[in-house]
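Working notes, structure below.
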Amino acid sequence: MKLAFQIALRFLTSNKSQAFLITLGIAIGISVQIFIGSLIDGLQVSLVDSTIGSVSQITIESSERNEPLDNYQEIETIIGKNYEEVTAFSPTLTQGGFMLFDQNFDQMLYRGFDINKANVIYKFADAILPGGAMPREGEVLIGQTLANNNDVSVGDTITLISAERDTLEVKVAGLIDLKVASLNELWIVGDMKIAQKVFIYDEGNATAIEMQVEEPFDADILTDRMTEDLKSYPISIANWKTANEQLLSGLSGQTTSSLMIQIFVVISVVLGIASVLAITVLQKSRQIGILKAMGIKDKTSSYIFLFQGFILGILGGILGIILGIGLLFAFSTFALNPDGTPIVPIVLNPGFIALSGMIAVLASTIASIIPAQKSKKVSPIEVIRNG
């Protein structure tokens, strides 16, 4: 084995340009695999974050339409004790109504939360426009478009009106941009006490419990568990996956296309290495024949080319990882949105990068099997006879 390894190194160093070209071919293939795989991962993270990253991923509501959740605190306690996968949850009391300010009368949707808990889900603090602040007791946040349409500014006092004409005056603590036009046109956000006063709900009532989970794609599994654990309560549980089937289909298509591209890249690398090393067998047939005449066995001669493939795979894998990461950073540096942020956030997955390096070694080693088998057929008598 040691002798075969030393001869493999000698063969590679004797034709450095050829070895460099093979290494570069492997590196380019692996760098493309890393670049495409990481780019697709980043795109998926961006899509998931923009669509469900700041919304409820699992929602518990009353099974009776338009009826509140009674004693929602009991359900919250069960979730808090038994579901470590839930990263944030908040009760909400949501009702439609109207807003009155300076003779302007407009439709609105009031969303009452436990603000601190809901902020983890909806990231209200990040959505507040300059000049505003998180609401305190008796204060609200108002959607940017709704505020602009009615000339509402930070510090103004507006009147909330329910469908039953109950009213309450509240102060505007800030304007928010939730990046969704329909939300900016309708939402007014505050605490649940305001909602209970305007819409006449008991203190222990909520219209829903909203939550986010550690792994969003496991939301359906958690939903099934919750449905079983909370079956004694008159509730219904929905998750984002059932409401976003088209998004899931798109993400699945992206993953499949990325995998297919990576597979074909690896196949092209394998074929390229196999063809070059097969030619190397012909080029080195005289040396192999002489070595066999000196007593080297067929098995040892085959190891020479297996070691060549292994060495080339390691070198190509290392260079490919460097090139791949370089491509990713170049893309994130030059492909930017108008605000200076990357068009697609780059996700560096150490496990995926390590796997790509291992694929380079494995692919080049497998590719060397064909020339290794050909080397066994080299006859020292014919080599010596033919000069």
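Please enumerate the residues belonging to segment 158-191 that are part of a loop (DSSP other than H, G, I, E, B) and over 34 Å from the mean Cα position of the chain (by Cα).
Ser162, Ala163, Glu164, Arg165, Asp166
Let me spell it out: the conditions are (1) assigned to a loop (DSSP other than H, G, I, E, B); (2) surrounded by fewer than 17 Cβ atoms within 10 Å (Cβ to Cβ); (3) in contact (Cβ under 8 Å) with a residue 60 or more places away in the chain, and Gly155 meets all of them except one. Which number is the exception?
Failing condition for Gly155: (3).
Can you tell me which condition Glu169 does not meet? The list is (1) under 26 Å from Leu100 (Cα atoms); (2) in contact with a strand residue (DSSP E or B) (Cβ under 6 Å, 6 or more places away or on another chain); (3) surrounded by 13 or more Cβ atoms within 10 Å (Cβ to Cβ), and all the others hold.
It is condition (3) that Glu169 fails.
For segment 192-244, which positions are crowded, with 21+ Cβ neighbours inside 10 Å and either part of a loop (DSSP other than H, G, I, E, B) or of a type in the set (D, E, K, R) (or both)?
Those that are crowded, with 21+ Cβ neighbours inside 10 Å and either part of a loop (DSSP other than H, G, I, E, B) or of a type in the set (D, E, K, R) (or both): Thr207, Glu210.
Residue-by-condition table, conditions (1) in a strand (DSSP E or B); (2) in contact (Cβ under 8 Å) with a residue 60 or more places away in the chain; (3) buried (at least 17 other Cβ atoms within 10 Å of the Cβ):
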position: Thr77; (1), (2), (3): no, no, no
position: Gly80; (1), (2), (3): no, no, no
position: Ser90; (1), (2), (3): yes, yes, yes
position: Met99; (1), (2), (3): yes, yes, yes
position: Asp106; (1), (2), (3): yes, no, no
position: Gly112; (1), (2), (3): yes, yes, yes
position: Ala118; (1), (2), (3): no, yes, yes
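Of the residues Ser38, Ser56, Ser46, which is under 18 Å from the mean Cα position of the chain (by Cα), outside the structural domain of Asp220 (by TED's automatic domain parsing) and within 17 Å of Ile237 (Cα to Cα)?
Ser56
Name the one entry in Ile304, Ile296 that is at pLDDT below 75, surrounded by 17 or more Cβ atoms within 10 Å (Cβ to Cβ), among the aliphatic types (A, V, I, L, M) and more than 22 Å from Ile28 (Cβ to Cβ).
Ile296
Is at least one residue of segment 140-149 in contact (Cβ under 8 Å) with a residue 40 or more places away in the chain and more than 17 Å from Gly97 (Cα to Cα)?
yes
Looking at segment 172-183 only, could you name the residues that are surrounded by fewer than 21 Cβ atoms within 10 Å (Cβ to Cβ) and at pLDDT 90 or above?
Result: Asp177, single match.
The values are calculated or read from the model by the stated rules, or taken from the named source; none is laboratory data. What you are looking at is a predicted structure, and each value in this text was computed from that prediction instead of being measured. With ideal geometry, Cβ positions are generated from the backbone for all residues, glycine too; neighbour counts draw on all protein chains shown.
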